[in-house]
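Following: one structure in structure tokens, then a few remarks.
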């Protein structure tokens with residue numbers, strides 16, 4: 001407000017040419033842009049899902065469709081995990097706010113807690129995430145991710161396969 | 001019907017007929033003396049007013065041309081910049097260069113033919129509280145997975161779907 005009024009005041013007073021006005025506006029945008037580009041806490045949506053990787057024939061038949069967010073990763077995931085099929089057990093989305101942990105809770109009291117989401121230059125995000133099974137913390141990790149890049153965490157064994165958690169910044 | 005002004009002007013210029021002039025003089029006796037004075041003034045002006053020959057007939061034109069030339073050279077010195085290219089063009093070029101540089105450095109980009117090329121999930125640190133649990137990070141092109149080992153198996157009868 002102060003900047004706008006001073007620029008306008010100067011402009012109206014005739015002490016400032018149009019070029020000076022443009023230069024001032026350009027500098028203002030540059031400062032705002034650099035501020036935005038720097039490390040800063042952000043409010044972003046984070047999506048997560050709980051997957052079940054197995055070689056069950058039955059699972060293959062009743063396979064719940066892989067969420068669209070990670071559809072491109074199913075083959076790579078199967079290859080990396082060594083299982084033939086992947087079933088979705090649950091998914092959720094939460095808004096991560098600065099200085100306030102947010103959680104995505106799945107069935108079986110498996111929970112992903114997210115904190116400290118900060119934006120880095122180049123649309124990268126630093127995020128701290130913890131995976132809990134009931135009240136027991138399984139892992140805490142800090143990761144550098146881009147929007148739309150899921151991070152997978154292979155968890156405990158279940159039935160004849162293994163549970164996998166996927167977490168991704170989506171907006 | 002002629003107005004008074006028209007008749008008066010015509011009278012002074014001697015354009016009225018004799019009868020008309022006589023009628024006009026009868027109506028306005030003072031006009032006779034005015035016509036005499038006007039005739040005298042005309043004679044004096046004709047005899048004494050000599051047109052002045054200007055020494056520089058193109059004086060005003062030359063002044064105007066001089067001012068136009070000065071204005072052109074002044075504006076030229078303001079606009080033309082380095083290597084004869086106007087500063088405004090240099091400014092535009094600089095702005096475009098800065099825009100491209102910012103686009104390259106700040107906007108994420110990758111090979112569109114490869115769906116995994118834009119993928120970034122870099123694990124910086126992992127901590128497990130349980131000493132029996134270990135975490136290893138496996139990164140392949142387009143996918144990163146943290147593998148936890150040593151976890152207790154989730155009971156098979158536990159329903160994780162509902």
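Quick note: the coordinates plus some simple rules give every number you see, no bench work behind them. None of the values given here were measured: they were computed from a predicted structure. Glycine gets a Cβ as well: all are built from the backbone with ideal geometry, and neighbour counts include every protein chain shown.
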Structure-based [θ]222 nm, chain B - -39500 (n - 2.57) summed over DSSP H runs of at least 4, per residue, nearest 500: -16000 deg cm²/dmol
Peptides ranked, highest mean first, by Cβ atoms within 10 Å: ranges B:82-93, B:16-27: B:16-27, B:82-93
On Cα atoms only, tilt of B:59-79 relative to the major axis of chain B in degrees: 10 degrees
Choice from B:36, B:120, B:52 showing the highest fluctuation, given a GNM over chain B with Cα pairs closer than 10 Å: B:36
R0 of 22 Å, Cβ-Cβ distance residue B:9-residue B:48: FRET efficiency to nearest 0.05: 0.40
Spin-label pair residue A:171/residue A:144, simplified geometry with 7 Å Cα→Cβ offset, distance in nm: 2.7 nm
Residue B:22 versus residue B:134: modelled label distance in nm, points set 7 Å from Cα along the beta carbon direction: 14.6 nm
Shape category assigned to chain B from the gyration tensor of Cα positions, a/c cut at 1.5: prolate
Efficiency of FRET between residue B:100 and residue A:123 - r from beta-carbon atoms, R0 25 angstrom, step 0.05: 0.90
Exercise: per-residue mean of other protein chain Cβ atoms within 10 Å, A:68-79: 2
Cα-based helix-to-principal-axis angle, B:87-106 vs chain B, degrees rounded to 10: 20 degrees
Shielding by partners - mean other protein chain Cβ count within 10 Å, residues of A:152-160: 6
R0 of 41 Å, Cβ-Cβ distance residue B:90-residue A:43: FRET efficiency to nearest 0.05: 0.50
